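The values are calculated or read from the model by the stated rules, or taken from the named source; none is laboratory data. Every value quoted in this text rests on a predicted model; they were computed, and no experiment measured them. Every residue, glycine among them, receives a Cβ derived from its backbone with ideal geometry; neighbour counts consider all protein chains shown. Ligands, DNA and RNA are stripped out before the accessible areas are found, and what is left, the full protein with its side chains, is counted by its heavy atoms. Shrake-Rupley method; radii C 1.70, N 1.55, O 1.52, S 1.80 Å.
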Amino acid sequence: MKYNSCSGTKVALASDHAGFQLKELVKSHLNSRGLQSVDLGTDSEKSVDYPNFAHKLAETLIKGEADLGVLVCGSGLGMLRAALCHDHFTASASRRHNNANVLVMGGRVLGPDLAKEILDTWLDTPFEGGRHLARLEKIDR
Ligand code: RB5
């Protein structure tokens, strides 16, 4: 089977403050591949609420103003609600910041011992509330 080349593809990009540097890297990588990108922000490492940027990207795709999208936040978790965790940091962050109520793990990615440790980290880490609660309420709205 022959796959279509992605030249001509327009990629929408968005991040919060914690994903800003990686978004910039993605943008320059796309550029070096000759791909078009639409940068929807954020524009610095000043703290912002990630749901605003995830929302902008979703709208851009729905309107057909870009073909694909890349979202970057600190953990890679907040932009979606389910928590794909293959390490302790994301397992902990998905509870502390995102109050994730679903843990997703790859049975072909993790060995059984690490999977049990990650599960324990996830189960034993409480939600921090505060500014994180305000962000989750934006997603709910
Ligand atoms: C920002 O502190 C952090 O919560 C955000 O970047 C992201 O990791 C949320 O999922």
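Go through the stretch 117-132 and give me each residue that's open to solvent by less than 80 Å² (accessible area, probe 1.4 Å) and over 12 Å from Arg95 (Cβ atoms). Correct list: Gly130 only.
Based on this model, can you work out whether Lys138 counts as within 30 Å of Ser7 (Cα to Cα) and touching a residue at least 24 places away in the same chain (Cβ under 8 Å)?
Spelling it out, it is not the case that Lys138 is within 30 Å of Ser7 (Cα to Cα) and touching a residue at least 24 places away in the same chain (Cβ under 8 Å).
Taking the stretch 31-54 as the range and being under 15 Å from Val70 (Cβ atoms) and within 13 Å of the chain's Cα centre (by Cα) as the test, the residues that pass are Tyr50, Phe53, Ala54. Of all the listed residues (Asp39, Asp43, Asp87, Asp67), the sole one being of a type in the set (D, E, K, R), more than 12 Å from the ligand (Cβ to nearest atom) and under 23 Å from Leu110 (Cα atoms) is Asp87. Selection within the stretch 59-79: residues that are in a helix (DSSP H, G or I) and out of contact with any strand residue (DSSP E or B) (no Cβ under 8 Å at 6 or more places or on another chain). The member of this set that is surrounded by the fewest Cβ atoms within 10 Å (Cβ to Cβ) is Ile62. When the criteria are applied in full, Ala82 meets the requirement of being within 15 Å of the ligand (Cβ to nearest atom), open to solvent by 40 Å² or more (accessible area, probe 1.4 Å) and modelled with pLDDT under 90.
When the stretch 25-52 is filtered for residues that are at pLDDT 95 or above and within 9 Å of Leu13 (Cα to Cα), the ones remaining, listed by number, are Lys27, Ser37, Val38, Asp39, Leu40, Gly41.
The number of residues in the stretch 103-116 being open to solvent by 70 Å² or more (accessible area, probe 1.4 Å) and within 18 Å of the chain's Cα centre (by Cα) comes to 1.
Filter the stretch 90-109 down to residues that are over 13 Å from Leu123 (Cα atoms) and more than 10 Å from the ligand (Cβ to nearest atom), then give me how many there are.
Matching residues across the stretch 90-109 total 5.
Here Asp120 passes the criteria (1) of a type in the set (Asp, Glu); (2) within 15 Å of the ligand (Cβ to nearest atom); (3) in a helix (DSSP H, G or I) except the one numbered (2).
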